[in-house]
Amino acid sequence: MYGLLILNFVIPFVMIFVGYILKKHPVKDMNSGNGYNTPSSRKSQEHWDYAQSIAPNIFIGIGKTLGLVEIVLCISLLFLNISAQSTVFAGVAVGIIFLFFGFYKTETGIKNKFLDDKF
């Protein structure tokens, strides 16, 4: 039953893995459908290049932090005799929050860099 706790580490692993892939092989072509591909990153080639440069580092950092948070969460909830299913549910919920935070932080970085575009 405690093997289910490995599921808590899927999101941090994917965030770190994708971050490293994007860092090692940055996507130059906006039309490829690959890379950090959001409406704000596709506004111009300059937006695209900046998004591709900051997104990998953000996702790697947040993925590592999330991995540590998941370890502490799993150990804490198990010491409190919370069931494995509840621990997995809590871990996945925290993982999704961190994942959305990664997108939020990247989008905020793009918007802050190009504040002059609004005028």
Quiz item: For region 36-41, in order, what is each residue's ³J(HN,Hα) by Karplus, 6.51 cos²θ - 1.76 cosθ + 1.60 with θ = phi - 60°, in whole Hz (x at glycine and Pro)?
Solution: 7, 10, 10, x, 6, 6
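For the chain, what is the calculated [θ] at 222 nm in deg cm²/dmol (nearest 500), taking -39500 (n - 2.57) for each run of four or more DSSP H residues and dividing by its residue count?
Numbers: 3 runs with 80 residues, N = 119.
After summing the helix terms and dividing by residue count, I get -24000 deg cm²/dmol.
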Quiz item: If you place +1 on the Cβ of every Lys and Arg, -1 on the Cβ of every Asp and Glu, and leave all else neutral, what size is the dipole of region 1-111 about its Cα centre, to the nearest 20 Debye?
Solution: 160 debye
Quiz item: Hey, what angle do you get for helix 10-24 against the long axis of the chain, alpha-carbon based, 0 to 90 degrees rounded to 10?
Solution: 30 degrees
Exercise. Grab the Cα-Cα distance for T65 and S32, subtract it from 0.36 nm times how many residues apart they are, and report the gain in nm with one decimal.
Key: 8.9 nm
Quiz item: Reachable lysines from K24, Cα under 29 Å, same-chain residues fewer than 8 places away excluded?
Solution: K43, K64, K105, K111, K113
Practice problem: Using only Cα atoms, tell me the angle between helix 84-113 and the longest principal axis of the chain; keep it within 0 to 90° and round to the nearest 10. | Solution: 20 degrees
Quiz item: Given C-alpha coordinates of the chain, what is the ratio Rg to Rh with the Kirkwood estimate of Rh?
Solution: 1.10
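Each reported figure results from applying straightforward, stated rules to the coordinates on display, with no laboratory input. Treat the numbers as computed from the prediction; the structure is a model and nothing was measured. Note: ideal-geometry Cβ built from the backbone for every residue, glycine included; neighbour counts use all protein chains shown.
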